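J.: Starting off with a structure, shown below.
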Amino acid sequence: VLSTTNAALDQALEQIAADPEMGEAIHAGTVVRIGRSDGPTFGAALRDVVTRLNAVHQKAFDRMSRRRPAIALALRRCEEALSSVSAADVPYQDDLFRLARPRRPAAHLEDIFSTRRVAELQDGSPAVVAGLIRRRAARLTRALALYDRGIAERKQALRNKERDVVDGASLVLSTLTNGYFSPLMMEQRFDVLIVEEASMAVLPALFYAACLG
């Protein structure tokens, strides 16, 4: 089912979803709505179908996407703490008649280490603290790279699933524009094509739509 506007597709989908048998088909993922929708999609939107049929990838993607900002923040705090440690570790001359200036570790260590570890480091020398921060930063850098790779892999898996869903659908709803712009539609061929509001469509778009039959 193709149309010149998203609004017309929304109205068509509303009628389709009202039929009990078609409602079951939507839940099964065999009715798919491609593209943006201004109204309810009744679970037929491509992303909704992918989420239902590919819940494992989606949950992993969401979990890593939520966790990544915390790792990036901790890595940024490591960089700030190293600068603070470097500033605290300024050479000074001991004086027999005055107490030497105390060396303090970097601030914001609680954003990098556990509370117990922070307490242990309060009396540590800047050199020792800096070494621990660098090791922590190296681990966080590796973790961030793994998260980025994992997110990219999950995202690609979801993209592949989109194609699988469209390939396996019995009914696809799309605008004429998505019919020739969307890579998901490029290789599709259909037994029947219905163009809603055909009188409003430009002829080249109709000709291309006919080639999908």
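J.: When only the heavy atoms of the protein chains count and the probe is 1.4 Å, how do Thr115, Thr141, Thr5, Thr41 rank by accessible area, highest first?
T.: Thr115, Thr141, Thr5, Thr41
J.: How would you order 155-164, 125-134 from highest to lowest mean count of nearby Cβ atoms within 10 Å?
T.: With the highest mean Cβ count within 10 Å placed first, the list reads 125-134, 155-164.
J.: Still on this model: Can you find, among Gly23, Ser114, Met186, the residue farthest towards the positive end of the dipole of the chain? Put +1 on the C-beta of Lys and Arg, -1 on that of Asp and Glu.
T.: Selected residue: Ser114.
J.: 7 Å from Cα along Cα→Cβ at both Ala143 and Arg76: what's the point-to-point distance in nm?
T.: 1.6
J.: A further question follows. Please work out the average accessible area per residue across the chain, using the 1.4 Å probe convention, and give it in Å².
T.: Computed with neighbouring chains in place, this is 62 Å² per residue.
J.: Report in % the part of the accessible area of the chain that belongs to carbon and sulfur, leaving out ligands and nucleic acids; probe 1.4 Å.
T.: Carbon plus sulfur share of accessible area: 55 percent.
J.: Also: If you project the alpha carbons of the chain onto the principal axes, what extent comes out on each, in Å, largest first?
T.: Cα extents, longest axis first: 97, 35, 26 Å.
J.: Could you give the dipole magnitude of the stretch 117-213 about its Cα centre, charging the beta-carbon of Lys and Arg +1 and that of Asp and Glu -1, in debye to the nearest 20?
T.: The calculation lands at about 920 debye.
J.: Taking every DSSP beta bridge that has both residues in the chain, what percent is antiparallel when rounded to the nearest 5?
T.: Beta bridges within the chain, antiparallel portion: roughly 10 percent.
J.: How far, in nm, would the chain grow between Lys59 and Phe207 when pulled straight, counting 0.36 nm per residue and subtracting the alpha carbon separation?
T.: Roughly 49.2 nm would be gained on extension.
J.: Another question, then. For the stretch 167-213, state which GluC sites (Glu not before Pro) are in a DSSP loop and have at most 13 other beta carbons lying within 10 Å of their beta carbon.
T.: Glu187
J.: Now, a different point. Divide by every residue of the chain the summed helix terms, -39500 (n - 2.57) for each DSSP H run of at least 4, and state the resulting mean residue ellipticity at 222 nm, rounded to the nearest 500 deg cm²/dmol.
T.: Taking each H run of at least 4 residues, the total per residue is -20500 deg cm²/dmol.
J.: Same structure again: Please state the relative contact order of the chain as a whole percent: Cα pairs under 8 Å, 6+ residues apart?
T.: Dividing the mean separation by the residue count of the chain yields 34 percent.
The values are calculated or read from the model by the stated rules, or taken from the named source; none is laboratory data. These numbers were taken from a predicted model, which means no experiment stands behind them. For neighbour counting, all protein chains shown are included, and Cβ atoms are generated from backbone atoms with ideal geometry for every residue, glycine included. The area values use the complete protein model at the heavy-atom level, side chains included, leaving out ligands, DNA and RNA. Shrake-Rupley method; radii C 1.70, N 1.55, O 1.52, S 1.80 Å.
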